[in-house]
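Undergrad: Before I ask anything, let me first share the structure, which is written out below as structure tokens.
The values are calculated or read from the model by the stated rules, or taken from the named source; none is laboratory data. These figures come from a predicted structure and were not determined experimentally. We place every Cβ from the backbone using ideal geometry, glycine too, and count neighbours over all the protein chains shown.
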Amino acid sequence: MFFLDLLLALVIAFLIAGLFSVFFGWRWPGQTALWPSIGLFFVILFIAVWLGGIWVQPFGPTFAGVAWLPFLIIGILIALLVSVFTWPARRYYPRTPMEKAEEEVAEAEATLALGGFFWAFLIAGLLILIASYTF
């Protein structure tokens, strides 16, 4: 089950991250390039899809004995939540030096907050995954 869960979470997270990043134009705040945005979004989705898939009661169709619908639903919900709570890359040209300084401070604070969320989620998710397969 471990390897099938891992494979299913990888495939679903990759598909959803690609869909949101390429077709919907989603970018990680502070990133304008496509590949760093897909990579960060993929890592968050991968951990969330894997956790959600093993946490939710299995239902729906199965693939090699693993119910894939909970993985997909959790992936879509997490992708929508991350997209809602992060803003799209936008072009804002401040008119005064004070506005420019305020915008730089706001961007630095948002990047720091999202970076903290990313690492806390990654560490907690990995610990929960280890515990769920160990006990």
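Undergrad: Test of understanding: among ILE47, ILE16, which residue is at pLDDT 85 or above, within 18 Å of LEU122 (Cβ to Cβ), buried (at least 19 other Cβ atoms within 10 Å of the Cβ) and in contact with a Phe, Trp or Tyr (Cβ under 8 Å, 6 or more places away or on another chain)?
TA: Details: ILE16 fails: in contact with a Phe, Trp or Tyr (Cβ under 8 Å, 6 or more places away or on another chain).
Step by step, each of ILE47, ILE16 is checked, and only ILE47 is at pLDDT 85 or above, within 18 Å of LEU122 (Cβ to Cβ), buried (at least 19 other Cβ atoms within 10 Å of the Cβ) and in contact with a Phe, Trp or Tyr (Cβ under 8 Å, 6 or more places away or on another chain).
Undergrad: Can you confirm whether the range 120-128 contains a residue that is surrounded by fewer than 10 Cβ atoms within 10 Å (Cβ to Cβ), within 25 Å of the chain's Cα centre (by Cα) and within 24 Å of PHE2 (Cα to Cα)? Give the derivation first.
TA: The first filter runs over the range 120-128 and keeps only residues surrounded by fewer than 10 Cβ atoms within 10 Å (Cβ to Cβ), leaving none.
Taking every residue of the range 120-128 in turn, none turns out to be surrounded by fewer than 10 Cβ atoms within 10 Å (Cβ to Cβ), within 25 Å of the chain's Cα centre (by Cα) and within 24 Å of PHE2 (Cα to Cα).
Undergrad: Being exposed (fewer than 10 other Cβ atoms within 10 Å of the Cβ), out of contact with any Ser or Thr (no Cβ under 7 Å at 6 or more places or on another chain), of a type in the set (Ser, Thr, Tyr) and at negative phi narrows it down to one of THR96, THR111, so name that one. Give the steps one after another, and end with the answer.
TA: Values: THR111 fails: exposed (fewer than 10 other Cβ atoms within 10 Å of the Cβ).
Going through THR96, THR111 in turn, the sole match is THR96.
Undergrad: Among the residues of the range 106-135, write down those that are closer than 16 Å to PRO36 by Cβ and small (Gly, Ala, Ser).
TA: The answer is ALA110, GLY115.
Undergrad: Filter the range 105-135 down to the residues that are without any contact (Cβ under 8 Å) to a residue 12 or more places away in the chain and within 18 Å of PHE41 (Cα to Cα) and list them by number. Outline the logic, then answer.
TA: Of all residues in the range 105-135, those without any contact (Cβ under 8 Å) to a residue 12 or more places away in the chain come to 105-106, 108-109, 112-113, 115-117, 119-120, 123-124, 127, 130-131, 134-135.
Listed by number, the residues that qualify are LEU112, ALA113, GLY115, GLY116, PHE117, TRP119, ALA120, ILE123, ALA124.
Undergrad: Could you please give the count of residues in the range 57-93 that are β-branched (Val, Ile, Thr), modelled with pLDDT of 85 or more, surrounded by fewer than 19 Cβ atoms within 10 Å (Cβ to Cβ) and within 20 Å of the chain's Cα centre (by Cα)?
TA: 2
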